[in-house]
């Protein structure tokens, strides 16, 4: 039998996911050892192997078929726009994609004037402003500490993930508009879904059952 | 232009030579043998066509993904992104109903100006057939069996041809009471195999209960023959029932051919090409993230060019297929 390969997003999502995988019996020894330098873990009994990857790379691994299944946040799926199946909402890692800024920016958002949006998610921001709000905006791609942008005058607003809102509050920013809800998703390669249909559907069914128990 | 740039090909285009080209030619020769074995005859159409052949009312590649330029009279020309509309146009021009059923095969390059396309190649080689003037289920079955034979002849031993019916979703959508934009959203979710999203999305709409039930189950309506029974159960109107019985007919034609194990059914398979009107299918194998062949029935396409005739066809993506063969260790 062929190995089913699963790509997990490093970080908080991985902890939750490994817990879920233990419940359905596919976690393998060593995967939750934080000190390990091993990149890939194998469960010989079930012929499943999995590895941890950077979130933005997970849809790429899955789209090319290097991984059959991926666990990744919906923000990354939307941003990467890869041709993959999005089969299951795991319900954890819940947060929202929002347009944030100082309260004074609220007026600018509805004024029809052109303004600047700093974001790690240029595609999501572009889709929101261009296709949903029909506004012309300048999108500035950034790689971290997005909250800084409106404070130092790089942009009027930001488009970013809001979980608790603490960072925003501490920096005097507010949620001005909501773009969409986010959570962890299971994605599947199109070809794997056909070729390994039974094993993958069975795995998804088990994950669903484990989720419903909680 | 800088001389260093001159020796590179533009992004998405490449040279093929040596053993690479040799093995590609051998593969194409094998496929051509299958075509002629099924008594298909070759047709060549120009690489360049008028824009309208691939326009939005024909329903093919989005306009922004076409390579476009102008002729001397100011008409917009495009490089063909896909063979089927070209062949349909040529048939309308050169043949009459007396020539039907017409069995044609083609081979050549197609051009799509998009990063997201097959292997990120903008020029890719396709070979395929069109069976024109036969609207029967046995014509559908013939093209499906031909597809299996092509892939076997190419050397593949493990592959799946997923067969769907475009009209199943279309018929349900018509009675759903949703506007076009919402239908497009549902279509996207279903073809993404989003098992649960459809349910949540339809919460706020007043879709009839039986249609909603069908939409909710559609992303999971794929697998072996038993899927036909399940699809029948959710077929809430006549159009959807007809779609299921069509696939049953095809299934009957195929059984006993020895190719049953390669064929599965998938009602969530919905094509981006709007010209497909009935059965549609995609062939998958290991080693490539995308289908190696795609096909389906397009009974209204020839009408756009002035000849009403039912038709069905399949196209094989040669570069995808070669990659799969190489990665599976079948070809070197």
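Below, the figures for the structure above:
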quantity	calculated
Count - residues of region A:134-157 that are assigned to a loop (DSSP other than H, G, I, E, B) and within 14 Å of residue A:176 (Cα to Cα)	2
Which listed residue, of B:308, B:299, is without any contact (Cβ under 8 Å) to a residue 12 or more places away in the chain and closer than 24 Å to residue B:165 by Cα	B:308
Conditions (1) crowded, with 16+ Cβ neighbours inside 10 Å; (2) more than 14 Å from chain B (Cβ to nearest Cβ); (3) free of Cβ contacts under 8 Å to residues at least 60 places away in the same chain; number of the one not met by residue A:105	(3)
Residue B:249 vs. criteria touching a residue at least 60 places away in the same chain (Cβ under 8 Å), more than 26 Å from residue A:200 (Cα to Cα) and out of contact with any helix residue (DSSP H, G or I) (no Cβ under 6 Å at 6 or more places or on another chain)	no
Residue within region B:146-155 that is at pLDDT below 95 and either under 19 Å from residue B:266 (Cβ atoms) or crowded, with 22+ Cβ neighbours inside 10 Å (or both) present	no
Residue tally, condition in contact with a strand residue (DSSP E or B) (Cβ under 6 Å, 6 or more places away or on another chain) and in contact (Cβ under 8 Å) with a residue 60 or more places away in the chain, over region B:269-295	15
Failed criterion for residue B:131 (all others in (1) touching a helix residue (DSSP H, G or I) at 6+ places or on another chain (Cβ under 6 Å); (2) part of a helix (DSSP H, G or I); (3) crowded, with 19+ Cβ neighbours inside 10 Å; (4) at pLDDT 95 or above hold)	(2)
Check on residue A:203, over 16 Å from residue A:79 (Cα atoms) and either more than 20 Å from the chain's Cα centre (by Cα) or touching a residue at least 24 places away in the same chain (Cβ under 8 Å) (or both)	yes
Among (1) over 19 Å from the mean Cα position of the chain (by Cα); (2) free of Cβ contacts under 8 Å to residues at least 40 places away in the same chain; (3) under 23 Å from residue A:76 (Cβ atoms), the one test that residue A:117 misses	(2)
Residues of region A:158-202 classified as within 12 Å of chain B (Cβ to nearest Cβ) and surrounded by 19 or more Cβ atoms within 10 Å (Cβ to Cβ), total	13
Residue match in region B:304-311 (condition: within 14 Å of another protein chain (Cβ to nearest Cβ) and surrounded by fewer than 23 Cβ atoms within 10 Å (Cβ to Cβ))	no
Index of the failed condition, residue B:172 passing every other in (1) buried (at least 20 other Cβ atoms within 10 Å of the Cβ); (2) more than 17 Å from the chain's Cα centre (by Cα); (3) in a helix (DSSP H, G or I); (4) within 14 Å of another protein chain (Cβ to nearest Cβ)	(4)
Residue B:86 vs. criteria in contact with a strand residue (DSSP E or B) (Cβ under 8 Å, 6 or more places away or on another chain), free of Cβ contacts under 8 Å to residues at least 60 places away in the same chain and on the phi < 0 side of the Ramachandran plot	yes
Residue within region B:29-40 that is outside any helix (DSSP H, G or I) and under 21 Å from residue B:272 (Cβ atoms) present	no
Which numbered condition residue B:309 misses (of (1) assigned to a loop (DSSP other than H, G, I, E, B); (2) at pLDDT 90 or above; (3) out of contact with any strand residue (DSSP E or B) (no Cβ under 7 Å at 6 or more places or on another chain))	(3)
Which listed residue is in a helix (DSSP H, G or I) and in contact with a helix residue (DSSP H, G or I) (Cβ under 9 Å, 6 or more places away or on another chain), from B:56, B:23, B:114	B:23
Candidate set: region B:183-193, residues that are assigned to a helix (DSSP H, G or I) and in contact with a helix residue (DSSP H, G or I) (Cβ under 8 Å, 6 or more places away or on another chain); chosen: the one farthest from residue A:74 (Cα to Cα)	B:183
Some residue of region B:242-263 being within 14 Å of chain A (Cβ to nearest Cβ) and surrounded by 20 or more Cβ atoms within 10 Å (Cβ to Cβ)	yes
Selection status of residue B:288, closer than 18 Å to residue B:57 by Cα and outside any helix (DSSP H, G or I)	no
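Conditions tested, residue by residue: (1) touching a residue at least 60 places away in the same chain (Cβ under 8 Å); (2) more than 14 Å from chain A (Cβ to nearest Cβ).
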{"site": "B:165", "(1), (2)": "yes, yes"}
{"site": "B:181", "(1), (2)": "no, no"}
{"site": "B:196", "(1), (2)": "no, no"}
{"site": "B:206", "(1), (2)": "no, yes"}
{"site": "B:217", "(1), (2)": "no, no"}
{"site": "B:222", "(1), (2)": "yes, no"}
{"site": "B:227", "(1), (2)": "no, no"}
{"site": "B:230", "(1), (2)": "no, no"}
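So that you can scan it fast, the table gives a plain yes or no per residue for (1) more than 14 Å from every other protein chain (Cβ to nearest Cβ); (2) in contact with a helix residue (DSSP H, G or I) (Cβ under 6 Å, 6 or more places away or on another chain); (3) surrounded by fewer than 23 Cβ atoms within 10 Å (Cβ to Cβ):
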position	(1), (2), (3)
A:45	yes, no, yes
A:49	yes, no, yes
A:57	yes, no, yes
A:62	no, no, no
A:68	no, yes, no
A:71	yes, yes, no
A:84	no, yes, no
A:90	no, no, yes
A:109	yes, no, yes
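The values are calculated or read from the model by the stated rules, or taken from the named source; none is laboratory data. As the structure is a prediction and not an experimental result, all values here were calculated from the model. With ideal geometry, Cβ positions are generated from the backbone for all residues, glycine too; neighbour counts draw on all protein chains shown.
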